[in-house]
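The values are calculated or read from the model by the stated rules, or taken from the named source; none is laboratory data. Predicted model only: the values in this text are computed from it and were never measured. Cβ placement follows ideal geometry from the backbone for every residue including glycine, while neighbour counts extend to all protein chains displayed.
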Amino acid sequence: MVVRAPAKLNLCLYLGKARDDGLHELRSLFCPLALSDRITVTTSDEDRDEVICEGVEGPNLAEAALASLRERGWKSPPLRIEIDKRIPVAAGLGGGSADAAAVLRLAEGEVDGLPDLARELGSDVPSQLEPGFTLVGGAGERLEGLGAPAPFGVVLIPFEPGLSAGEVYAEADRLGLGRDGDELGEIEGRLRDAAQRGASPLEYTDLLVNDLEEAAVSLRPQIADALEVLREVGAEAAFVTGSGPTAVGLYPDIVAADRAFGELGPEWADAIVTASVQRP
């Protein structure tokens with residue numbers, strides 16, 4: 001079996017203050033991308049599960065997801081899961097969460113409480129159980145599915161090494177970033193009104209704001225250069241996705257995105273051209 005785990009693009013991320021549990025309230029729009037990890041699942045020749053992800057050292061969320069399914073009594077034969085990583089690691093694109101959710105989907109209908117299990121694995125995992133255009137609230141646990149937006153093209157400029165979400169949120173706290181609850185509630189209404197119409201995000205670029213961008217740029221100043229070059233090659237919106245460090249440029253379609261990629265200098269050779277998808 002071959003399954004795909006799509007990258008998740010944060011079209012915006014509005015940050016609240018830290019809660020008593022240490023997590024931050026947020027409001028975001030998640031959109032799946034054509035960029036995805038390719039996961040091959042076969043019966044293992046060994047008498048145990050194997051999760052193989054070349055280029056990513058140590059345990060990963062997909063391995064944790066499979067172990068959690070076993071703890072819940074999942075009775076499939078031992079599996080060999082091979083992950084072909086195409087989503088940059090620690091890039092703010094939810095690649096690890098997408099892989100974990102893809103593994104959980106293998107047990108759909110056989111293990112109860114997959115959404116609860118997804119929440120235990122990480123705040124981005126629940127939204128990836130059924131990837132789609134989603135309005136996200138709480139600390140990532142509150143999900144509201146929306147009609148898919150009109151298609152658009154994307155240029156991604158990732159950086160290595162990536163940034164951990166923890167260090168970016170810590171930097172945001174150090175910088176005193178975060179909005180109050182009333183403001184987040186007002187923003188949530190504006191996002192819902194704009195996104196429910198099925199419009200392209202290019203029609204509401206004023207709402208494509210990432211409050212973590214300042215923290216990410218503080219930790220990795222060259223992100224600002226990437227955002228500027230994306231604007232120079234015609235991006236109608238340019239921002240950091242998630243906790244970064246990936247810089248994103250939005251274009252009317254993948255043809256325009258590919259044209260912009262061709263105008264980037266050689267120092268941006270690692271850029272990725274992709275597009276939104278209606279439903280992975």
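Points to keep in mind about this one:
- Residue, farthest from residue 164 (Cα to Cα), within region 116-148, restricted to residues that are without any contact (Cβ under 8 Å) to a residue 60 or more places away in the chain and buried (at least 21 other Cβ atoms within 10 Å of the Cβ): 117
- Selection from region 100-122 of residues that are assigned to a loop (DSSP other than H, G, I, E, B) and in contact with a strand residue (DSSP E or B) (Cβ under 9 Å, 6 or more places away or on another chain): 106
- Residues that are assigned to a loop (DSSP other than H, G, I, E, B) and at pLDDT below 90 were ranked within region 1-44; the one that is farthest from residue 124 (Cα to Cα) is 20.
- Any chance residue 176 is touching a strand residue (DSSP E or B) at 6+ places or on another chain (Cβ under 7 Å) and at positive phi: no
- Meets criteria (within 27 Å of residue 273 (Cα to Cα) and in contact (Cβ under 8 Å) with a residue 24 or more places away in the chain) for residue 177: no
- Scanning region 45-99 for residues that are part of a loop (DSSP other than H, G, I, E, B), closer than 15 Å to residue 122 by Cβ and among the polar types (S, T, N, Q) yields a count of 1.
- Residue pairs whose Cβ atoms lie under 7 Å apart, separated by 6 or more positions or on different chains, with the first residue in region 256-279 and within 14 Å of residue 153 (Cβ to Cβ) and the second outside any loop (DSSP other than H, G, I, E, B) and of a type in the set (D, E, K, R), are 273/258.
- Residue check for residue 206: under 20 Å from residue 19 (Cβ atoms), in a helix (DSSP H, G or I) and of a type outside the set (A, V, I, L, M, F, W, C): no
- Some residue of region 197-207 being of a type in the set (Gly, Ala, Ser), over 23 Å from residue 143 (Cα atoms) and touching a residue at least 40 places away in the same chain (Cβ under 8 Å): no
- Single residue of region 228-262 satisfying the filter (over 20 Å from residue 177 (Cα atoms) and aromatic (Phe, Trp, Tyr)) that is nearest to the chain's Cα centre (by Cα): 251
- When each of 277, 233, 255, 240 is tested for being surrounded by fewer than 17 Cβ atoms within 10 Å (Cβ to Cβ) and aliphatic (A, V, I, L, M), the lone residue that passes is 255.
- All positions within region 149-176 that are assigned to a loop (DSSP other than H, G, I, E, B) and crowded, with 19+ Cβ neighbours inside 10 Å: 149, 152, 158, 159, 162, 163
- Single match in 99, 124, 84 (criterion: at pLDDT 95 or above and in contact with a helix residue (DSSP H, G or I) (Cβ under 9 Å, 6 or more places away or on another chain)): 99
- Test: residue in region 48-65 that is touching a residue at least 24 places away in the same chain (Cβ under 8 Å), touching a strand residue (DSSP E or B) at 6+ places or on another chain (Cβ under 6 Å), of a type in the set (D, E, K, R) and within 26 Å of residue 206 (Cβ to Cβ): no
- Qualifying residue in region 66-86 (condition: touching a residue at least 40 places away in the same chain (Cβ under 8 Å) and crowded, with 24+ Cβ neighbours inside 10 Å): yes
- Unique match (being more than 30 Å from residue 157 (Cβ to Cβ) and either in contact (Cβ under 8 Å) with a residue 40 or more places away in the chain or within 17 Å of the chain's Cα centre (by Cα) (or both)) among 103, 111, 89: 111
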